[in-house]
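Novice: Below is a structure I'd like to ask you about.
The values are calculated or read from the model by the stated rules, or taken from the named source; none is laboratory data. These numbers were taken from a predicted model, which means no experiment stands behind them. Cβ placement follows ideal geometry from the backbone for every residue including glycine, while neighbour counts extend to all protein chains displayed.
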Amino acid sequence: MFKKLSIPKALQLAFGASIAIIIAVGIYPLFAIHDLQNKFVSVVDRNVSLLTTISDLRYYTVTYRRFALDYGLTNDADEHQKILVTIDYNNQKMSEAMKHMLSLADTPVIRQNIESFQQQIADYVAMQNKYIELIDQGRIDEARQEMLGPMLAPFNAIVKLLSDLQHDLQAEAIEIKQNEAAHIQTLVIQSAVTGIISVAFVLLMIFFITRKVTVPLDKLIQQMQAVEQGDLSKNLVLSEFAEDELGSAAYYFDQMQRGLAQLAQEINDSVQSLEVTSEQLNNRVQETTLNLATQRNEISQIATATEQMQVGFEEVAIRTVDASQQSEKASHEAQESGEMIQQSIQQTEDMATALSNTSEVVTKLQHDSHNISVISEVISGITEQTNLLALNAAIEAARAGEAGRGFAVVADEVRKLATKTKSSLGEIADVIASIQRNAAQAADMMQSSQEQMRSGLSQIRNMGNSFDNILQVSDRIAGMSSQIATATEQQTSVVKNLSESVSTIYQASDRIADSAKSTEQACLALGNESQHLSQLASRFKLA
């Protein structure tokens with residue numbers, strides 16, 4: 001049964017059994033170490049947390065007493081209030097620390113110590129509250145005697161209790177360390193015994209598997225050495241091999257040996273035909289070499305023409321790019337001129353609007369001067385009537401004699417005033433007439449200026465439209481130049497690629513020519529090798 005077992009299965013069986021033994025024997029130490037690790041981590045975490053909390057309690061206890069002493073050293077009410085706030089905060093922290101310690105206490109001894117600490121700290125807090133009341137009542141001496149007398153022993157007992165608790169935790173940690181060290185030593189011994197048993201079993205498996213492999217492998221190597229020396233007449237005895245991978249290798253090697261014998265016989269038959277074929281191939285290679293020489297000359301001429309074409313296209317591309325840049329520059333300048341014309345149109349329109357407004361003002365001035373003229377005529381009529389009335393009054397005063405002399409003087413003054421007013425109205429009429437003439441001339445000039453402004457504005461707009469057309473044409477020219485430049489660059493790239501392709505073909509023809517020469521040499525070498533192959537085939541012992 002073991003003889004029919006394959007090598008991979010034998011290896012799998014051996015290693016599987018070894019692994020099973022190792023797992024079976026080592027599973028207990030594995031779980032034990034895992035449990036030990038969890039227990040150790042738990043104890044360490046608990047002790048570290050307890051020691052930290054105890055340290056905090058010692059700090060809060062000492063701080064609690066120190067602030068109580070500070071309370072007795074001052075009479076300031078504000079300071080007393082601040083100290084009381086600090087004492088309350090300290091009490092809160094102590095309560096939180098004790099609750100945390102109770103949550104971590106997992107042994108009766110530790111819980112008993114914590115409960116004892118709670119009772120002692122409660123008694124001490126009551127004593128300290130009494131001390132603070134004495135301070136508040138002004139009984140300073142009694143309070144100090146209380147602090148340094150009855151309160152000192154409980155405080156020292158609290159500190160000693162915390163120290164004892166720390167020592168107990170340290171002693172417990174040392175005991176756990178010693179117990180677990182002994183446990184670890186036992187696990188180490190068990191692991192060592194397991195390792196020795198596993199190694200012995202593996203060595204035993206290696207011995208059987210090595211014997212299963214080396215005996216048939218030696219026979220196979222001896223047959224390979226005989227074949228290496230050309231002896232193909234003797235074959236392997238396949239019945240001496242097991243039904244495994246080496247048996248399969250022996251079978252396939254025997255088939256390979258028989259194939260080599262047949263191949264050697266066929267090689268002897270093929271060598272003669274190979275010599276004839278080699279000679280024919282050599283003749284064809286020489287003919288191919290002559291044709292390649294002619295082809296290389298023609299390709300060289302094509303490459304020269306392609307390079308000249310490439311130079312011409314590059315020159316055209318440069319000129320086209322320059323023309324495109326000039327077109328873009330002209331388009332840019334035309335665009336700037338168009339913008340200036342638009343500004344001129346806007347300024348002219350603004351000027352036309354201003355002239356129109358001025359014309360309206362002049363027309364209104366004509367109308368107002370006409371109204372003033374009408375008013376002047378009315379005042380002139382009133383002045384003439386006043387003059388007639390003054391004349392009539394002077395006549396009546398003369399008739400009245402001495403009694404009307406004063407009235408005559410007044411009438412004469414009124415007549416003079418009317419005459420002066422009439423004279424002033426004449427001057428005003430002349431000025432108004434001059435204003436009306438000037439206003440009429442200004443209105444005519446404004447009308448003429450408006451017509452000229454409209455004509456100029458129309459011409460400027462026509463010029464702007466012309467510049468727009470020029471700008472569009474310039475843009476089209478620039479676009480066409482850019483397209484021409486792009487097309488020229490593409491043609492240049494195509495010609496360049498063509499030149500590179502021709503160069504590649506020329507280089508390929510060189511390589512083909514070299515290959516033809518190499519082939520010719522290879523044909524000669526093939527003839528030599530066929531002769532050598534015939535000599536080698538004769539070395540095999542076929543029967």
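Novice: Can you tell me which condition S248 does not meet? The list is (1) closer than 22 Å to I23 by Cα; (2) outside the structural domain of L51 (by TED's automatic domain parsing), and all the others hold.
Specialist: (1)
Novice: Something else about it: Given the criteria modelled with pLDDT under 80, surrounded by 11 or more Cβ atoms within 10 Å (Cβ to Cβ) and either out of contact with any His (no Cβ under 8 Å at 6 or more places or on another chain) or not assigned by TED's automatic domain parsing to the domain that holds A192 (or both), does L36 qualify?
Specialist: So L36 does not fit the description; no.
Novice: Here is a further query. Which one of the conditions (1) closer than 17 Å to S163 by Cβ; (2) touching a residue at least 12 places away in the same chain (Cβ under 8 Å) does D136 fail to meet, given that it meets all the rest?
Specialist: Failed condition: (1).
Novice: Something else now. Going by what's in this entry, would E180 be described as acidic (D, E), surrounded by 11 or more Cβ atoms within 10 Å (Cβ to Cβ) and touching a residue at least 60 places away in the same chain (Cβ under 8 Å)?
Specialist: So E180 passes the test.
Novice: Go through the range 295-310 and report how many residues are at pLDDT 75 or above and hydrophobic (A, V, I, L, M, F, W, C).
Specialist: 0
Novice: Scanning for something under 57 Å from the mean Cα position of the chain (by Cα), over 20 Å from S163 (Cα atoms) and part of a helix (DSSP H, G or I), does the range 62-80 turn up at least one residue?
Specialist: no
Novice: Separate question: Does any residue of the range 413-430 turn out to be among the β-branched types (V, I, T) and modelled with pLDDT of 75 or more?
Specialist: Taking every residue of the range 413-430 in turn, at least one turns out to be among the β-branched types (V, I, T) and modelled with pLDDT of 75 or more.
Novice: Within the range 204-260, how many residues are crowded, with 16+ Cβ neighbours inside 10 Å and in contact with a Gly (Cβ under 9 Å, 6 or more places away or on another chain)?
Specialist: Adding up the residues that qualify gives 2.
Novice: Considering each residue of the range 54-73, count those that are among the β-branched types (V, I, T) and closer than 14 Å to L84 by Cα, and give that number.
Specialist: Residues flagged as among the β-branched types (V, I, T) and closer than 14 Å to L84 by Cα within the range 54-73 amount to 1.
Novice: Next question, about the same structure. Which condition number does P108 fail, the rest of (1) under 21 Å from A153 (Cβ atoms); (2) free of Cβ contacts under 8 Å to residues at least 12 places away in the same chain being met?
Specialist: (1)
Novice: In the range 130-153, is there at least one residue being touching a helix residue (DSSP H, G or I) at 6+ places or on another chain (Cβ under 7 Å) and over 27 Å from R65 (Cα atoms)?
Specialist: Looking for residues that are touching a helix residue (DSSP H, G or I) at 6+ places or on another chain (Cβ under 7 Å) and over 27 Å from R65 (Cα atoms), one finds none in the range 130-153, hence no.
Novice: Another question about this same structure. Which residues, taken from the range 65-115, are among the hydroxyl-bearing types (S, T, Y) and more than 22 Å from S49 (Cα to Cα)?
Specialist: Y71, T74, T86, listed by residue number.
Table: residues versus (1) within 30 Å of L73 (Cβ to Cβ); (2) in the same structural domain as D56 (by TED's automatic domain parsing); (3) within 59 Å of the chain's Cα centre (by Cα).
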| position | (1), (2), (3) |
| --- | --- |
| E146 | yes, yes, no |
| Q178 | no, yes, yes |
| A182 | no, yes, yes |
| I196 | no, yes, yes |
| F207 | no, yes, no |
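Novice: For N282, indicate whether it is in contact (Cβ under 8 Å) with a residue 40 or more places away in the chain, assigned to a helix (DSSP H, G or I) and closer than 30 Å to T504 by Cα.
Specialist: Here the answer is yes, as N282 does meet what is asked.
Novice: Looking at L281, L292, L274 in this structure, which one is at pLDDT below 75, assigned by TED's automatic domain parsing to the domain that holds E529, surrounded by 14 or more Cβ atoms within 10 Å (Cβ to Cβ) and under 30 Å from S503 (Cβ atoms)?
Specialist: L292
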